[in-house]
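Before any comments, here is the structure.
The values are calculated or read from the model by the stated rules, or taken from the named source; none is laboratory data. Owing to the predicted nature of the structure, the values given are computational and were not obtained by experimental measurement. Positions of Cβ are backbone-derived with ideal geometry, glycine not excepted, and every protein chain shown enters the neighbour counts.
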Amino acid sequence: MKVRKFQLPSRFLGRAMPVAIYGHYGFPLLCFPTAAENFEEFERQGMIGALQGLIEEGVVKIITTDSINSESWSNRHVSVTEAARRHQAYDNYIAHELAAAVYEDCNGRIPMGAMGASFGAYHAVNTVLKHPDIFSHGFGLSGVYDISHYFGDSFDDNCYQNSPVHYLPNLVGTDRWAEVNKVNLTLICGQGAWERVHWTTDFSSFLNSLGFQHTLDLWGHDVAHDWPWWYKQMNLYLRKYFG
């Protein structure tokens, strides 16, 4: 398997961000780490190994980078305004700098996908909904999608712009809504140990209320909030859409 790891300078974040690209060809899929994890989490937790066949066959090319959750939404030592500002800087890094690096690696601008599990699912889904001109597919696994509890009594434009439950209703009927509706979004969740199924079903119901077409796939009561199940879910859907 071809693996390339490098540091990508970011003017938005004011530092270089580590990036890994796994594979030589295929649909580029940006994978967001869970919680405060780093760019090597998917390799360390076995997801890269679980997807090795798809990667080596040229079905997908996996891209990973660090999260900054410990500096933004999960940082209780800064104001909500500052946390939201930092998250928006991260979003700018993803959309403008990392995407450009992926295009260079793919020898041209092609549609990308994003996926994440747990809190990474929020990042993946928010990213594809905000940037439908860049991302054509999104996969949220066992995710949280309403981050209102991070805001407390504060709410500014950066909070709004990164909270799908707030910005999506105001897009309905606009030209931007037509672009967003082209995104192929899949929400997957087990119903077993450590899952918070209502986070996924509530968000799916919210999307239905807006008329946003998406896939909701609830797995069984034996399916836990854990990596071995996420391996199976991603293998299934990557084969389905790109294999």
| task | Assess whether ASP202 counts as being within 29 Å of VAL78 (Cβ to Cβ), assigned to a helix (DSSP H, G or I) and of a type in the set (Asp, Glu). | result | yes
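Scan the strands (runs of 3 or more DSSP E) fully inside segment 1-111 and keep the ones with 3 or more residues being surrounded by 21 or more Cβ atoms within 10 Å (Cβ to Cβ) and in contact with a His (Cβ under 9 Å, 6 or more places away or on another chain). Talk me through it step by step, then tell me what you get.
Details: elements: 3-10, 15-22, 27-32, 60-65.
It comes to 27-32.
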| Counted residues, segment 67-105 - those being touching a strand residue (DSSP E or B) at 6+ places or on another chain (Cβ under 6 Å) and over 18 Å from HIS131 (Cα atoms) | 1
| field | Subset of segment 114-137 [surrounded by fewer than 24 Cβ atoms within 10 Å (Cβ to Cβ) and of a type outside the set (Ser, Thr, Tyr)] | value | PHE119, LEU129, LYS130, HIS131, PRO132, ASP133, ILE134, HIS137
| field | Tally, over segment 170-194, of residues that are out of contact with any helix residue (DSSP H, G or I) (no Cβ under 6 Å at 6 or more places or on another chain) and farther than 23 Å from HIS137 by Cβ | value | 5
| How about segment 12-36: which of its residues are out of contact with any helix residue (DSSP H, G or I) (no Cβ under 6 Å at 6 or more places or on another chain) and either of a type in the set (Phe, Trp, Tyr) or modelled with pLDDT of 95 or more (or both)? | GLY14, ARG15, ALA16, MET17, PRO18, VAL19, ALA20, HIS24, TYR25, GLY26, LEU29, LEU30
| query | Of everything in segment 58-84 that's over 22 Å from TYR241 (Cβ atoms) and touching a residue at least 60 places away in the same chain (Cβ under 8 Å), which residue is farthest from the chain's Cα centre (by Cα)? | reply | SER79
| field | Whichever residue in segment 153-172 is assigned to a loop (DSSP other than H, G, I, E, B), exposed (fewer than 15 other Cβ atoms within 10 Å of the Cβ) and not charged (D, E, K, R) and, among such residues, is modelled with the lowest pLDDT | value | SER154
